[in-house]
1. Need one number: nm distance between label points at Ala97 and Asp235, each 7 Å from Cα along Cα→Cβ, rounded to one decimal.
2. Residues with beta-carbon under 13 Å from that of Ala14, excluding Ala14: net charge, scoring Lys, Arg +1 and Asp, Glu -1?
3. Could you list Leu154, Leu323, Leu89 so that the one with the fewest beta carbons within 10 Å of its beta carbon is first and the one with the most is last?
4. Name the shape class, rounded, prolate or oblate, that the alpha-carbon gyration tensor gives for the stretch 379-512, where a ≥ b ≥ c are the square roots of its eigenvalues, rounded holds for a/c under 1.5, and otherwise prolate holds if a/b is larger than b/c and oblate otherwise.
5. Stretch His270-Ala474 to full length: gain in nm at 0.36 nm per residue minus the Cα-Cα span?
6. Among the listed pairs Lys28/Lys378; Lys368/Lys466; Lys368/Lys517; Lys128/Lys238, which have their C-alpha atoms separated by more than 26 angstrom in this model?
7. Which trypsin sites (Lys or Arg not before Pro) does the stretch 422-472 hold that lie in a coil by DSSP with at most 12 other beta carbons within 10 Å?
8. Taking square-rooted eigenvalues a ≥ b ≥ c of the alpha carbon gyration tensor, is the stretch 1-59 rounded, prolate or oblate, where a/c under 1.5 means rounded and, failing that, a/b exceeding b/c means prolate?
Amino acid sequence: MRDFQRPGRSVAYATNGMCATSHPLAAKVAVQLLEAGGNAVDAAIAGAVLLGQCEPAMTGIGGDLFALISPPGGEVVALNGSGRAPAGLSAAAMRDAGHATVPLDGPEAVTLPGAVDAFCRMSADWGKIGLRASLAPAIHYAEAGIPVAPRAALDWAMHQDKLKGAARRHFLIDDSAPRAGQIFRAPQLAEVLRRIATEGRDGFYAGEVAEDMASSLQALGGTHSLQDYEDTRSDYGKPISGTYAGVDLLEHPPNGVGAMAILMLNMLSHFDLSEMDPFGTERAHLEAEVAKLGFDARNRFIADPDHVSRLEHMLAPETAAELAKLISMKKALPFPAPLAEAVHKETVYLTVVDKDRMAVSLIYSVFKDFGTGLASEKFGIPFHNRGAGFTLEAGHPNEAGPGKRPMHTILPGMLRENGRIFGSFGVMGGGYQPIGHARFLTNMRDFGMDVQEAIDGPRCFFENGKLLVERGYAPEVHQGLADLGHDVVVPPRPIGGAQAILIGEDGVLSAGSDPRKDGMALGY
């Protein structure tokens, strides 16, 4: 139990249904859909689409999503709503133009947006009250406007200079980022959502909206065609899983990086975390070392599902055992040069559980802040830069190529014990996400933390040769990590964010929401 004389959050409890996400209005809308007779899928779509207006630096209908769906009494399914590269994309052409990596802010990085098709497919296959009902709240608020929340305002202001051309008209007010409390309206988004509500996926991937996206990208030098948009489809797969301390961690398969979270937990199982200080030097060092080895495996093996050949090797306990032997608790390992070209922190996550205990774990992103910083001329649809997840290394399984899906950093998670799904969770923060998944589970399993405590604790993250250590760690931990050879840096923003709902055996739902974001856990 937390110390009520200190700032903090209590675990949220409910019995009927619950949503945890990064903006209060999105949580409220999701719960309203549940109260109106919708199920977890209906509510998740409503909340997620609204987040595109609440947090446009993080996500939007021009982006991608992954989801895990746990139907009552059924097997968990994985929905891959990540788009593919256009048919005209060529890694060789980028190399010939002098690029060593996929340009982050150009049309070369714009893969086709897969989220809208995934929303439509989820609603048709699993929803209860229809897509029109799920989109109605976002349509209303896009026209009426939403007061900008404090964390969203911070992200907006930090990256407003990245916005170019049409994106400045659509996402700034008087050519400046909106301040906290200022009303942001997006009438062009409302119009697009109305078309999707009426016409389904064709309201986005065909006709005037698709023409606006394709022509805007072609004007910028992109190869995107109307046929590329028409061909965009989400698809289903089976989750991958690994077991830690009796709990199965379910992750989305490649091109997501859930396999890295499983590999990290397999490595951590060779150490006794419960004997360590949860927020001390020893555990922080161990996590950093395990993450380095996990990143190296990710960069070698994770790619488009049709090009992944060594997933079983990455998930094998024997692989983790051999990697764990490389870790010294007295000295930091060097880090191999990354093959995947970009790391991002810009994502939203949402989880919903309904009265029938259907659970949805959904993550939705435009990759870097505001994606490429570009948007379509008429409708202001943001162009994400997920294609920056490709490598330009010739022959690599994740080499950029036509029709391929890039390696993705976003991943939804679920927890299962004795055959029962008891947790739906996600951790935002780009490359931190698999580390965050492992940390969330070990916080609960090894240190006995409740769902909110497991989210609240300070974080550290090895990125680009630096060990980012939040201010929540004691100064002696910062120094101890430096003494072990880590290049310690305090990050300018908090590391990621997390949301989670647990389903008790008694039927009670408990949830936590990360104070690093604007959101909350809300139930009824």
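Values in this text are rule-based calculations from the coordinates and carry no lab data. Since the model is a prediction, treat every value here as computed from it, not as a measurement. For neighbour counting, all protein chains shown are included, and Cβ atoms are generated from backbone atoms with ideal geometry for every residue, glycine included.
1. 2.8 nm
2. On the way: positive: Lys355, Arg357; negative: Glu35, Asp354, Asp506.
It works out to a net charge of -1.
3. Arranged by neighbour count, lowest to highest, Leu154, Leu323, Leu89 become Leu154, Leu323, Leu89.
4. Numbers: a/c = 2.05, a/b = 1.16, b/c = 1.77.
The shape class here is oblate.
5. 70.8 nm
6. Lys28/Lys378
7. Here the sparse-neighbourhood loop sites are Arg471.
8. oblate
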